[in-house]
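K.L.:
Below is the structure I would like to discuss, written out as structure tokens.
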Amino acid sequence: MDSAIALFVEKGVEHAKIVDISKKADIGKSTFYEYFKNKADLVCQWVAEKMAGLQVPEEMLADLPDQSSKITLLLRESCNPELASLEMMAMFVEFWRLAINEKHPQARELMKSMYGVYSELLCGWLREGVASGEFVEHNEEEIAAGLIGGVDGLRLQSLVFDDSYRLYKNVETYVTTLLTGLRPGRSC
């Protein structure tokens, strides 16, 4: 899989050929098809593996004082150095390209599922924040979508700028600013 990912980063999924992947991996073309239906299948398996590794340990969440801290931690960790590496970001761009292409419903469904998991977590914490008085009433689905979309935008910007971009800090500032607007006594 690593050989294919290296080629995808270099050439893009669309321009990388199965024969090139097979050569780089030192396997036969038929061996590739024993493991994957096509290039999109390989990308989806790779993304699913990477996302499965993105888990914030429950004990870390239990020690946090409020819902804002949980939301900030989750979104900041989604931009940790491994996930924000150039290779990883380039592959996520390729994955997004596959997901918006109607020829790749598997990628689209995986993308919806990933966003659904994030949205469900965020919505739950936003609801708990309203129940505890930490946040005012709001449409948690719209706020979750804004949080996820904003962090995605910051991640994409990090591809353009050099190391001075400070993705982690920018995500934390963005999330804190948005959540501050949900606090009682503040207007949205």
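K.L.:
For every other residue with a beta carbon closer than 14 angstrom to the beta carbon of Ser3, add +1 if it is Lys or Arg and -1 if Asp or Glu, then tell me the sum.
P.N.:
+1
K.L.:
Can you put Phe95, Phe36 in order, fewest other beta carbons within 10 Å first?
P.N.:
Fewest-to-most ranking of Phe95, Phe36: Phe36, Phe95.
K.L.:
What net charge do the residues around Met91 carry, taking every other residue with its C-beta under 13 Å from that of Met91, with Lys and Arg at +1 and Asp and Glu at -1?
P.N.:
Summing Lys and Arg as +1 and Asp and Glu as -1 gives -1.
K.L.:
When the chain is fully extended, how far beyond the present Cα-Cα distance does His15 get from Asn38, taking 0.36 nm per residue of separation?
P.N.:
7.0 nm
K.L.:
Please state the relative contact order of the chain as a whole percent: Cα pairs under 8 Å, 6+ residues apart?
P.N.:
Value for the chain: 22 percent.
K.L.:
Another one. List Cys123, Cys79 from most exposed to least, where exposure is judged by having the fewest other Cβ atoms within 10 Å.
P.N.:
Ranking Cys123, Cys79 by Cβ neighbours within 10 Å, fewest first, gives Cys123, Cys79.
K.L.:
Let me ask another. With the contact rule set at Cα under 8 Å and sequence spacing of 6 or more, what percent relative contact order holds for region 20-130?
P.N.:
31
K.L.:
Additional query: Please list, or write none, the lysines whose alpha carbon is within less than 17 Å of the alpha carbon of Lys70, excluding same-chain residues fewer than 8 places away.
P.N.:
Answer for Lys70, where 17 Å is the Cα cut-off: Lys169, listed by chain and number.
K.L.:
Here is a further query. Once every Cα of the chain carries one equal point scatterer and solvent is ignored, give the base-10 log of I(q)/I(0) from the Debye formula at q = 0.13, 0.18, 0.19 Å⁻¹, two decimals.
P.N.:
So the normalised log intensities are -0.75, -1.19, -1.28.
K.L.:
If R₀ is 25 angstrom, what is the calculated FRET efficiency for the pair Glu82 and Glu102, using the beta carbon separation as r and rounding to 0.05?
P.N.:
E between Glu82 and Glu102, to the nearest 0.05, is 0.20.
K.L.:
Separate question: Which lysines have a Cα less than 17 Å from the Cα of Lys29, not counting those fewer than 8 places away in the same chain?
P.N.:
Cα-Cα hits under 17 Å: Lys17, Lys37, Lys39.
K.L.:
Simple spin-label model, 7 Å along Cα-to-Cβ: Glu58 to Thr31 in nm?
P.N.:
It is 4.1 nm.
K.L.:
Within a Cβ distance under 13 Å of Gln106, other residues only, what is the Lys/Arg minus Asp/Glu net charge?
P.N.:
Value of the local net charge: +2.
K.L.:
Per the helix-only calculation at 222 nm, which mean residue ellipticity applies to the chain, given -39500 (n - 2.57) for every DSSP H run of n ≥ 4 and division by its residues, nearest 500 deg cm²/dmol?
P.N.:
Calculated at 222 nm, the ellipticity per residue is -22500 deg cm²/dmol.
K.L.:
If one computes the Cα centroid of region 71-149 and of region 1-66, what distance in Å separates the two points?
P.N.:
Value for the Cα centre distance between the two parts: 19 Å.
K.L.:
I need the shape label for region 107-178. Rule: rounded when a/c is under 1.5, else prolate if a/b > b/c, else oblate, with a, b, c from the alpha carbon gyration tensor.
P.N.:
Since a/c reaches 1.5 but b/c is at least a/b, the shape of region 107-178 is classed as oblate.
Every read-out reported here was derived from the displayed coordinates using simple, explicitly stated rules and does not represent laboratory data. Because the structure is a prediction, the values reported are computed rather than measured. Glycine gets a Cβ as well: all are built from the backbone with ideal geometry, and neighbour counts include every protein chain shown.
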